[in-house]
Amino acid sequence: MGHFFYGSYVIWPTKNISCDSVLKLSNFCMMKRLILAFMVCLGLACSDASQKKVTDVIDDTSDSVSNKVDEFVDTINSVKDDIKNKIPKVAITVTKNIPISLQWISFEKQGTAEVTKTKEGVYSIKGEQTNANNEYLKINGTLKRTDATHFAFEGTIITYVKANNSGVPCEKKGKQVFLKKGSRNYYRLQDMENCEGGNVVDYVDLYDLDGLE
């Protein structure tokens, strides 16, 4: 007796086989295929879901790590700022005494001014020259070098000579300029006119400024 194929199944006919049996077998095979297809689809769906879940976990972990790094950096910066604020600020200065003079008092018996470096190219200056007649030159302010031969001064310069300005001190406030000419070792105040006016001039000189560090 011959046989025939139904799908992947081999059917061996017998004397007792019936059409209902063949139909049942066909339905069983179809159902089995449907179940297998459903399981495959379900597996793929689960795989996609699992992949999405893994991706979400990676993204969440990445964000969490990034946030932790940012928090750590902020903490480090905060600690650095706190340490910096607690370090006492110490002013590093260089001080030097220089000669000063007013010709009415004396070129030879000079006075002394203390010059202190407060920052690069800027100095405070305070000093005086006096004589036996209680005449004087006083200077108090700041000096700033503007080039190789000039210093800008801001502050107060007072000269007092009994024979000048009717015996009244001559006071100059504000910005002034000191200039050095040629090989001279002093810088001279350029506003030389005494408060008396006319031909009365004051030679206010600052010495050894080129030696400042």
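The values are calculated or read from the model by the stated rules, or taken from the named source; none is laboratory data. Computed from a prediction, not measured in an experiment: that's the story for all the values here. Cβ sites come from the backbone with ideal geometry, for glycine too, and all protein chains shown count toward neighbours. Heavy atoms of the whole protein, side chains included, go into the accessibility calculation; ligands, DNA and RNA do not. Shrake-Rupley method; radii C 1.70, N 1.55, O 1.52, S 1.80 Å.
Observations
- Some residue of the range 91-104 being in a loop (DSSP other than H, G, I, E, B), of a type in the set (Phe, Trp, Tyr) and surrounded by 12 or more Cβ atoms within 10 Å (Cβ to Cβ): yes
- Taking each residue of the range 177-193 that is within 18 Å of Lys138 (Cβ to Cβ) and part of a strand (DSSP E or B) and looking for partners that are open to solvent by 70 Å² or more (accessible area, probe 1.4 Å) and of a type in the set (Phe, Trp, Tyr) with beta-carbon atoms closer than 9 Å, six or more apart or interchain, yields Arg188/Tyr203; Leu189/Tyr203.
- Taking the criterion of being at pLDDT below 95 and among the aromatic types (Phe, Trp, Tyr), the only residue of the range 97-122 that qualifies is Phe107.
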